[in-house]
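Participant: Please find one structure pasted underneath; my questions will follow.
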Amino acid sequence: MTARSPAGRRTARPVRPVGTARPARRAWTVAAPRRAAAAVLVHTLLALLAAAFALPALWLLAAFDADASARARLPAEPTLEHFASVATADTLFVPLGNSLWICGGAAVVTVAASVLAAYPLSRFQLRFGRPFLYTVLFATGLPITAIMVPVYGLFSRVGMVDSRWGAMLFLAAAGLPFGIWLTKSFMDGIPVELEEAAWADGASARQSLLRVVVPLALPGLSVVGVFTLVLAWGNFFVPFVLLQSPERLPAAVRIYTFFGQYGSMDYGPLAAYALLYTLPVVLLYAAVSRFLGGGFSLGGAMKG
């Protein structure tokens, strides 16, 4: 093709080879600077939140300070005497055993009940399924303090006051609404065709649930169990009300004995006990973190 020059002469226009794309025009945009500024703002806020949670935890260094106080500081004279003073049967080991019994049992009961309740909600079109789920969601917002008086009266009538079984069942019931919602969301992501294939091979509904659905939902069930155990582990009010014998109190209540009257407390033993009290939960999280990070696996579809 030809084009006229300003002087009126025709000049040859360069011809682009066939099959080649037009050169991309350089686009000027302000999206990149805005995204960078937003990323800096988000990371700054996250750093401030992390500092807000981490800085108070520095007070736990008092567990290694011979002259411990309420101030967060590096130990001037490092010592392990505070750990030795709290590492006794009555102070540490028996309360930790009670915590494992009560909170671990609550986690197991919550997971089992959540599976049985979430499976029909996930697989069947129930007439009152959605209202039931909204009712369960509303139950998660009820404060425990608002229902402890009728619960205590009920437990007194059935003889479950000062019983570790009673405290365990109540903590399991308190974590059940969240467990049902979370378990249902995990089961919704499991294809129904896997169960139908198991039914075609002669498996019953119970067998398909135990051999197909549960293995595939194990990461989600682990989340439910760990979440329930952590909430129950730090619960002070429920065992404080329902349990009366000192030998049955969990560690969450036993730590109360380090606080004296008029605000006085033993800072060193309290910090040492707090570190030993949180150690089982930290070890549990470290043990299951790799399993939870692996995501879902379809290996359970080959079972049964």
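Participant: Give the residue, chosen from Pro143, Pro177, Pro150, that is touching a Ser or Thr at 6+ places or on another chain (Cβ under 9 Å), at pLDDT below 90 and farther than 22 Å from Arg211 by Cα.
Facilitator: Working: Pro143 fails: touching a Ser or Thr at 6+ places or on another chain (Cβ under 9 Å); Pro150 fails: touching a Ser or Thr at 6+ places or on another chain (Cβ under 9 Å).
Being touching a Ser or Thr at 6+ places or on another chain (Cβ under 9 Å), at pLDDT below 90 and farther than 22 Å from Arg211 by Cα holds for just one of Pro143, Pro177, Pro150, which is Pro177.
Participant: Arg211 - would you say it is within 18 Å of Ala107 (Cβ to Cβ), within 27 Å of the chain's Cα centre (by Cα) and among the charged types (D, E, K, R)? Walk me through how you get there before you give the answer.
Facilitator: Values: within 18 Å of Ala107 (Cβ to Cβ): no; within 27 Å of the chain's Cα centre (by Cα): yes; among the charged types (D, E, K, R): yes.
No; evaluated as a whole, the condition is false for this residue.
Participant: Then there's this: Quick check, is Arg206 modelled with pLDDT of 90 or more, open to solvent by 80 Å² or more (accessible area, probe 1.4 Å), assigned to a helix (DSSP H, G or I) and not β-branched (Val, Ile, Thr)? Reasoning before the result, please.
Facilitator: Numbers: modelled with pLDDT of 90 or more: no; open to solvent by 80 Å² or more (accessible area, probe 1.4 Å): yes; assigned to a helix (DSSP H, G or I): yes; not β-branched (Val, Ile, Thr): yes.
No.
Participant: Another question, if that's okay. Any residue in region 119-130 that is touching a residue at least 40 places away in the same chain (Cβ under 8 Å) and closer than 19 Å to Pro239 by Cα?
Facilitator: Just the residues of region 119-130 that are touching a residue at least 40 places away in the same chain (Cβ under 8 Å), to begin with: 119, 121-123.
The next check asks that each one be closer than 19 Å to Pro239 by Cα; those that pass are none.
Within region 119-130, not a single residue is touching a residue at least 40 places away in the same chain (Cβ under 8 Å) and closer than 19 Å to Pro239 by Cα.
Participant: Does Ala197 satisfy the criteria of being in a helix (DSSP H, G or I) and surrounded by fewer than 16 Cβ atoms within 10 Å (Cβ to Cβ)?
Facilitator: Working: in a helix (DSSP H, G or I): yes; surrounded by fewer than 16 Cβ atoms within 10 Å (Cβ to Cβ): yes.
Yes: the conditions hold for Ala197.
Participant: Checking Trp165 against (1) surrounded by 13 or more Cβ atoms within 10 Å (Cβ to Cβ); (2) under 19 Å from Ala107 (Cβ atoms), which test does it fail?
Facilitator: Failing condition for Trp165: (1).
Participant: I would also like to ask the following. Name the one entry in Ala68, Ala118 that is within 30 Å of Asp188 (Cα to Cα) and of a type outside the set (Asp, Glu).
Facilitator: Details: Ala68 fails: within 30 Å of Asp188 (Cα to Cα).
Among Ala68, Ala118, only Ala118 is within 30 Å of Asp188 (Cα to Cα) and of a type outside the set (Asp, Glu).
Participant: Which one is nearest to Gly179 (Cα to Cα) among residues in region 144-159 that are open to solvent by 70 Å² or more (accessible area, probe 1.4 Å) and either hydroxyl-bearing (Ser, Thr, Tyr) or within 20 Å of the chain's Cα centre (by Cα) (or both)?
Facilitator: Only one residue tops the list, namely Thr145.
Participant: Which of the following residues is aliphatic (A, V, I, L, M) and open to solvent by 60 Å² or more (accessible area, probe 1.4 Å): Leu279, Leu242?
Facilitator: Values: Leu242 fails: open to solvent by 60 Å² or more (accessible area, probe 1.4 Å).
On inspection, the qualifying residue turns out to be Leu279.
Participant: Where the second residue is exposed (fewer than 14 other Cβ atoms within 10 Å of the Cβ) and among the polar types (S, T, N, Q) and the first is on the phi < 0 side of the Ramachandran plot and lies in region 147-174, which pairs have Cβ atoms under 8 Å and are six or more apart or on separate chains?
Facilitator: Val161/Gln244
Participant: What pairs come up if the first residue lies in region 228-257 and is in contact (Cβ under 8 Å) with a residue 40 or more places away in the chain, the second is of a type in the set (Phe, Trp, Tyr) and assigned to a loop (DSSP other than H, G, I, E, B), and their beta carbons are under 7 Å apart, counting only those six or more places apart or on different chains?
Facilitator: Ala252/Phe236; Val253/Phe236
Participant: If you don't mind, another one. Report yes if Thr88 is under 26 Å from Leu243 (Cα atoms), β-branched (Val, Ile, Thr) and open to solvent by less than 90 Å² (accessible area, probe 1.4 Å), otherwise no.
Facilitator: Values: under 26 Å from Leu243 (Cα atoms): yes; β-branched (Val, Ile, Thr): yes; open to solvent by less than 90 Å² (accessible area, probe 1.4 Å): yes.
When the stated conditions are applied, Thr88 passes them.
The values are calculated or read from the model by the stated rules, or taken from the named source; none is laboratory data. Just so we're clear, the structure is a prediction, and the values are computed from it rather than from any experiment. Here Cβ is always computed from backbone atoms with ideal geometry, including for glycine, and neighbour counts include all displayed protein chains. Surface accessibility is based on the protein's heavy atoms, side chains included, excluding ligands, DNA and RNA. Shrake-Rupley method; radii C 1.70, N 1.55, O 1.52, S 1.80 Å.
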